[in-house]
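Take a look at the structure below.
The values are calculated or read from the model by the stated rules, or taken from the named source; none is laboratory data. Computed from a predicted structure; not experimentally measured. Heads up, the Cβs are rebuilt from the backbone with ideal geometry, glycines too, and the neighbour counts pull from every protein chain shown. Ligands, DNA and RNA are stripped out before the accessible areas are found, and what is left, the full protein with its side chains, is counted by its heavy atoms. Shrake-Rupley method; radii C 1.70, N 1.55, O 1.52, S 1.80 Å.
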Amino acid sequence: MGDRSVDAMQDAELVKAFIGGSVSAFDQLVIRHKDRVFSVCYLFLGDHSEAGDCAQETFIKVFRSIKKFRFESAFSTWIYRIAVNTCKNRLKSSEYRKKKKTLSLTSPEGSNENPVAGSLADEGLSPVEELENRQRHKRILEAIDSLSHDHKSVVILRDMEGLSYEEITRITGFGMGTVKSRLARARLALRDLLRSER
């Protein structure tokens, strides 16, 4: 049995325990999923603070609607769907669009606030190589940020989070053909954007 199957079974047990009255079971679900939910939110929004707000909002929605969870898919798939929809709603809001104009996609120099770029640091790299890696990562995030919401969804879930096509269809509600074609178009757009910056 793979790690994902074990994780899904453990999540299901925690969901059942929480529905049965165990508050600590929900805390464990949050601990198990908070990093990946934050990562998806950060990749969507490109801002540490906004990602934190959306991740928190995601867990509030999960808390309020967990009794509606039908165990038809993995809990992780369900929580991803909520996170993606929460981010899309944030991106559509006029307040966010106005605020976005004043935000930088990455954290200030020297800050460890950007967990995605921070994970690029490798003790074996020289300072110049590390800086080049960070700059390349920043360009990738900026390119992803320029995609439409739907193209951004599939490329983040598949290429950044490593989810299967089946999981992505459940999360986004797109058919398999749509997921594959949008992913192909998103990858081409990213390739063109990154090539034009050289």
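Can you tell me which residue among ALA143, ALA186 is in contact with a His (Cβ under 7 Å, 6 or more places away or on another chain), surrounded by 13 or more Cβ atoms within 10 Å (Cβ to Cβ) and at pLDDT below 95?
Values: ALA143 fails: in contact with a His (Cβ under 7 Å, 6 or more places away or on another chain).
None of the other options fit; the residue is ALA186.
What are the residues in region 25-46 that are among the aliphatic types (A, V, I, L, M) and in contact with a Leu (Cβ under 9 Å, 6 or more places away or on another chain), if any? Write out each step before concluding.
If we filter region 25-46 for residues that are among the aliphatic types (A, V, I, L, M), which is where we start, we get 25, 29-31, 37, 40, 43, 45.
Across region 25-46, the qualifying residues are ALA25, LEU29, VAL40, LEU43, LEU45.
From the residues in region 1-18 that are without any contact (Cβ under 8 Å) to a residue 60 or more places away in the chain and open to solvent by 70 Å² or more (accessible area, probe 1.4 Å), which one is nearest to the chain's Cα centre (by Cα)?
ASP3
Among the residues that make up region 37-51, is at least one of them farther than 21 Å from GLU167 by Cα, among the hydrophobic types (A, V, I, L, M, F, W, C) and touching a Ser or Thr at 6+ places or on another chain (Cβ under 9 Å)?
From region 37-51, those farther than 21 Å from GLU167 by Cα are 45-51; that's our starting set.
Among the residues that remain, those that are also among the hydrophobic types (A, V, I, L, M, F, W, C) are: 45, 51.
The next check asks that each one be touching a Ser or Thr at 6+ places or on another chain (Cβ under 9 Å); those that pass are 51.
Yes; the residues of region 37-51 include at least one that is farther than 21 Å from GLU167 by Cα, among the hydrophobic types (A, V, I, L, M, F, W, C) and touching a Ser or Thr at 6+ places or on another chain (Cβ under 9 Å).
If you go through region 150-164, how many residues are open to solvent by 60 Å² or more (accessible area, probe 1.4 Å) and within 18 Å of THR86 (Cβ to Cβ)? Step through it out loud before you land on a result.
Our first condition is that a residue be open to solvent by 60 Å² or more (accessible area, probe 1.4 Å); within region 150-164, this holds for 158-160.
Checking the rest, the ones that are also within 18 Å of THR86 (Cβ to Cβ) come to 160.
Summing the residues that are open to solvent by 60 Å² or more (accessible area, probe 1.4 Å) and within 18 Å of THR86 (Cβ to Cβ) in region 150-164 gives 1.
Of everything in region 21-36, what is aliphatic (A, V, I, L, M) and more than 20 Å from HIS48 (Cα to Cα)? Give them in sequence order.
As a first pass, look at region 21-36 and keep what is aliphatic (A, V, I, L, M): 23, 25, 29-31.
Correct list: VAL23, ALA25, LEU29.
Need at least 2 residues that are closer than 29 Å to HIS151 by Cβ and at pLDDT 95 or above per element, so show me which helices (runs of 4 or more DSSP H) inside region 1-75 make the cut, counting only ones lying wholly within it. Working first, answer last.
Working: elements: 3-19, 23-45, 48-65.
Counting at least 2 such residues, we get 23-45, 48-65.
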